[in-house]
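Shown next, in structure tokens, is the structure this report addresses.
Computed from the coordinates by the stated procedures, all read-outs in this text should not be read as laboratory data. Quantities reported herein were computed from a predicted structural model and do not represent experimental measurements. Don't worry about glycine lacking a Cβ; one is built from the backbone with ideal geometry, like all the others, and counts go over all protein chains shown.
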Amino acid sequence: MDSRKVAGRLLPRISGPQALKKLPPELLPQVAQEIRDVIIETVSRTGGHLAPSLGVVELTVALHYVFDTPRDKIIWDVGHQAYAHKLLTGRQDRFHTLRQYGGISGFPKRAESPYDALDTGHSSTSVSAALGMASARCIKRESGRVIAVIGDGALTAGMAFEGLNNAGDLNKNLIVILNDNGMSIAPNVGALSSFFSRKLTGRTMVFLKKQVEHMLRSFPAIGDDLVAWAKKSEESVKAFFTPGMLFEALKFNYLGPVDGHRLDHLIETLNNVKYLTGPILVHVRTIKGKGYEPAEVNPTGFHGLGKFNADTGEPKKSVSDILSYTEVFGETLVRLAREDKRIVAITAAMPDGTGLVDFRKYFPDRFFDVGICEQHAVTFSAGLALEGLRPVAAIYSTFLQRAYDQVLHDVCLQNLPVVFALDRGGVVGEDGETHQGLFDLSYLRHLPNLTLMAPKDEDELRHMLFTAVHHPGPVAVRYPRGQGAGVAFSSTLKKLPIGKAEVLREGQDLLILAVGASVYPALQAAQELEQQGFSATVVNARFIKPLDENLILNLAAKHGRVLTVEENVAQGGFGSAVLELFADWDLTGVAIKRLAIPDVFLEHGSPAILRKKYGLDAPGILQAALTLLQKPALPKNVVWGSFS
Ligand SMILES: Cc1ncc(C[n+]2csc(CCOP(=O)(O)OP(=O)(O)O)c2C)c(N)n1
């Protein structure tokens, strides 16, 4: 029988960590194997973060075996590796619903389980939150350990170091486990990544040991004792020359490196650590994708993926010629960079996800992967721009949230020509609340000097990018996850007039102002309206900032009814900008409805389900239009005054 098709014999009996603890240690490798099988089988059907989760199976088993969860808290940094944790903490029956609408989340969620100590999704928060908890427990005089599990990728972020630095100073009982697999999504970057993998075995270590032994023996009378002591302390001596040195300098007690796939070693180490006080760092070496060959061979490809054939590892993508926005961005940037040597590309640890792999290949000297460091990426881009280059920082919408002040203070304030390529803007889907790109229009629209645009399709993205790299100030181009609309590409790239919208269809009864990915559904809704006897004007806003004020005011006054559509939260978004415009110009009496995401964090589920639920697909837009059309007819051609 294929072990992937049936959960093994032990796992179904493990209703929670208490049941796990009752097993003799020699059975734990079997539990680990069964967990792996379930994860592979499930993720092959649901998609998800496979390789990160497979890499920490033994570590997860050992943590729940040794510690007293949920009294002891485990914080999974990023949280994309927490599938084994979910399986061991009472969620086996729901695990098949992973990342599906209404199912369990792909990340730890406090609302989902008392074993999930912190909602995560964005990286490098674990040490700070764990330190906060440890400090609170100290004030409350409560016992219980707090454990942060952080990857070497997540450790590239400044925030992780802020936490470690503070922890060494506060000296609370905090355990940090460094899950070191040498990988971020792509191979890890940064000076420290090579430091972690530094091994003092082989000739250097032998030489060093001999030198030290020789020196110690030369001490009269006590020489032999000193040698015996040094041999006992070999671990700490090694630590002095290895990554331990860094953490010891931060006043952490360093242990490791430990083989993260040897349950016996992990359990022994954690049992020791459990009774130590103060800040402790346990360095665990793991293999990303462990136990599933395709993922071990290609950990980047199996970091986060869609459905795949579990037997072969082949993706189950429906074959389509339509390029994704990400691909079109990547191709266009390469083309632009060939013509303009000033163009440089920056990613915060996501060369694959943001479509910069070809750019890296063709222009290695003009490509920068700065690690999971969005804040640094933005100010670094500012520096590049100050020296006359044209930096294009490709960052997912949700992750640029981190760098709000850097965008404001280091780029916009100085009106620097940095281009922000904001991928995954709008409804993102299965990764859920932490990954939806629904705030960018609001957190960028109010920044002076910034131009903010969103393309209706992949061809317009090309023109926007062309426009952006030629613009003398900061520009953000925001585009969605996934495939484009399948439109043909224009042969030449053109500069779009800044602040000019595009009228796509003219009607009488209603004005629909749509942004980005909502434009085509708005057009579809307008066609449906036609069938029902109403005619709508549809405008592709193109620019959220500056708005095409004249066009919008004139058309709104002419139609008397306005529907705005955007994939962003309603507060502060495009519709709000239109409302502000009407207020500023005393355009009263116009019936307006904003279709946008309400005041919620959008749950996980497929984008199609979520767009339907929140009325952002064509039928939802039609419905909103019909409701607006039922409102008492308002005077058309209202007069709007001058700004006062
Ligand atoms: C602020 C932020 N930027 C980017 C990401 C995207 N991301 C998710 S996991 C990951 C790599 C994490 O590497 P590591 O911590 O080493 O964990 P591993 O996947 O190797 O187990 C990245 C860049 C994120 N979650 N948060």
With Cβ to Cβ distances under 12 Å as the rule, what net charge do the other residues near Asn188 carry (K, R +1; D, E -1)?
-2
At a 10 angstrom cut-off on C-beta neighbours, averaged per residue, how do the peptides 299-307, 478-486 rank from highest to lowest?
478-486, 299-307
Separation of alpha-carbon centers, the range 278-343 and the range 9-23, rounded to whole Å:
34 Å
Folded to 0 to 90 degrees: helix 325-339 orientation relative to the chain principal axis, Cα:
90 degrees
Does anyone have the angle between helix 28-46 and the longest principal axis of the chain? Alpha-carbon axes, 0 to 90°, nearest 10?
10 degrees
Ordered by fewest other Cβ atoms within 10 Å, a rough proxy for footprinting exposure, Thr277, Thr467, Thr347, Thr97 read Thr277, Thr97, Thr467, Thr347
Quick check: from the Cα gyration tensor, does the range 325-478 come out rounded (a/c under 1.5), prolate or oblate?
rounded
Here the net charge surrounding Leu452, from other residues whose Cβ is less than 11 Å away from its Cβ (Lys, Arg +1; Asp, Glu -1), is +3
Among DSSP beta bridges whose residues both lie in the chain, state the antiparallel percentage, nearest 5.
15 percent
With angles folded into 0 to 90 degrees, how steeply does helix 519-531 sit against the dominant principal axis of the chain? Use alpha carbons for both and round to 10.
40 degrees
With each pseudo-label sitting 7 Å past Cα toward Cβ, what's the Glu530-Val600 distance in nm, one decimal?
3.4 nm
FRET efficiency (Asp340, Ser320; Cβ distance; R0 35 Å; to 0.05) is 0.65
Checking rank on 186-192, 58-64, with mean other Cβ inside 10 Å and highest first, the result is 58-64, 186-192
Report the antiparallel proportion of the DSSP beta bridges in the range 325-478 as a percent, rounded to a multiple of 5.
5 percent
Report the local net charge at Gly158: Lys and Arg +1, Asp and Glu -1, summed over other residues whose C-beta lies under 12 Å from its C-beta.
-1
Rounded, prolate or oblate: which fits the range 507-644 when a ≥ b ≥ c are the square roots of the eigenvalues of the alpha-carbon gyration tensor, with rounded for a/c under 1.5 and prolate only if a/b beats b/c?
oblate
With each label point set 7 Å from Cα along the Cα-Cβ vector, what nm distance links Asn554 and Lys494?
1.9 nm
First measure r as the distance between the Cβ atoms of Thr277 and Glu387, then evaluate 1/(1 + (r/R0)^6) with R0 = 45 Å and state the FRET efficiency to the nearest 0.05.
0.35
How far is it, in nm, from the label point at Lys631 to the one at Phe161 when both lie 7 Å from their Cα along the line to the Cβ?
5.3 nm
How would you classify the chain from its alpha-carbon gyration tensor, with a ≥ b ≥ c the square roots of the eigenvalues: rounded for a/c under 1.5, else prolate if a/b is greater than b/c, otherwise oblate?
prolate
Could you work out how much longer the chain between Ala191 and Glu506 gets when fully extended? Use 0.36 nm per residue separation minus the Cα distance between them, nm to one decimal.
107.7 nm
Set of the range 160-187 residues, backbone N closer than 11 Å to the point 7 Å along the Cα-Cβ line of Ala249
none
If r is the Cβ-Cβ distance from Leu23 to Asp405 and R0 is 35 Å, what FRET efficiency results, to the nearest 0.05?
0.10
Please work out how much length the chain gains when fully extended from Asp264 to Arg141, using 0.36 nm per residue of separation minus the C-alpha to C-alpha distance, in nm with one decimal.
41.0 nm
Of Lys86/Lys317; Lys456/Lys593; Lys456/Lys494; Lys558/Lys631, which ones are farther than 24 Å apart at the Cα?
Lys86/Lys317
Footprinting exposure proxy for Glu387, Glu530 (fewest neighbouring C-beta atoms within 10 Å first)
Glu387, Glu530
At the level of C-alpha centres, the distance separating the range 122-147 and the range 494-544, in angstrom, is 51 Å
Show me 264-273, 505-514 ranked by packing, highest mean number of other Cβ atoms within 10 Å first.
505-514, 264-273
Can you sort Ile322, Ile139, Ile609 from fewest to most other Cβ atoms within 10 Å of each residue's own Cβ?
Ile139, Ile322, Ile609
